[in-house]
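Read through the structure below, which is laid out as structure tokens, and then see the notes.
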Amino acid sequence: MTPRRLWLVVAALVGLAAVVALWAVRADVSPRQARAGYLHDPPYMYDGPDGRPRGVSVDVLQEAARRSGIALTWVRVHPPHNADSALRERLVDLWPGLTILPERQQALFFSDPWIKLDLWLVMRDGRGVPAPDYRGRIGMTPHPVNHILIRRHY
């Protein structure tokens, strides 16, 4: 075998090894399965009549996963767990429709927002927004973002 031919064989083997190594690394970086969390938060996510997750957030994430070739396993999260604790404790890998907050951005990756919502504070007696030192009772839905925002402002 000539030195030139030997060099071509070695180069081809090194190239093949590089392709196999890159494929193996990509397989680790791009899993083909993921656990997606959800809870009762209609119309975004809820249990359908058949017990399977339903809702606009579920549909969007399921379609994105299908297009990416990722099989989702949906995990219903029940109190005392919520989106934050399920992600932090690695019970789930993904959460659809999670509100972007500065404290969450330190630990989680957020895609570009799909929808922007407002949180409304409604007072029964019509007096307007209470002062920051308000210490009365506050009723709210049991979602972490509501607790975070209420604690931040009251």
Low-density loop GluC sites (Glu not before Pro), region 48-141, at most 11 other Cβ within 10 Å, DSSP non-H/G/I/E/B, are GLU89
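If a/c stays under 1.5 just call it rounded; otherwise compare a/b with b/c (prolate if a/b is bigger, oblate if not). Do that for region 60-154, with a ≥ b ≥ c from the square roots of the Cα gyration tensor eigenvalues. Walk me through the intermediate numbers first.
Numbers: a/c = 2.48, a/b = 2.14, b/c = 1.16.
Prolate shape, in that a/c is at least 1.5 and a/b is the bigger ratio.
Please list VAL129, VAL92 from largest to smallest accessible area, probe radius 1.4 Å, with all protein chains kept in place. If you can, show how the numbers build up before the last one.
Details: VAL129 110, VAL92 5 Å².
Sorted by accessible area, descending: VAL129, VAL92.
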Neighbours of LEU39 by Cβ distance under 10 Å: Lys/Arg at +1, Asp/Glu at -1, summed charge -1
Heavy-atom accessible area of TRP95, protein chains in place, probe 1.4 angstrom, given in Å² to nearest 10, is 40
In whole angstrom, the spacing between the Cα centers of region 69-123 and region 126-154 equals 21
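The values are calculated or read from the model by the stated rules, or taken from the named source; none is laboratory data. Everything numeric here is computed off the predicted structure, so don't read it as measured data. For neighbour counting, all protein chains shown are included, and Cβ atoms are generated from backbone atoms with ideal geometry for every residue, glycine included. Accessible surface is based on the protein model in full, side chains and every heavy atom, while ligands, DNA and RNA are left aside. Shrake-Rupley method; radii C 1.70, N 1.55, O 1.52, S 1.80 Å.
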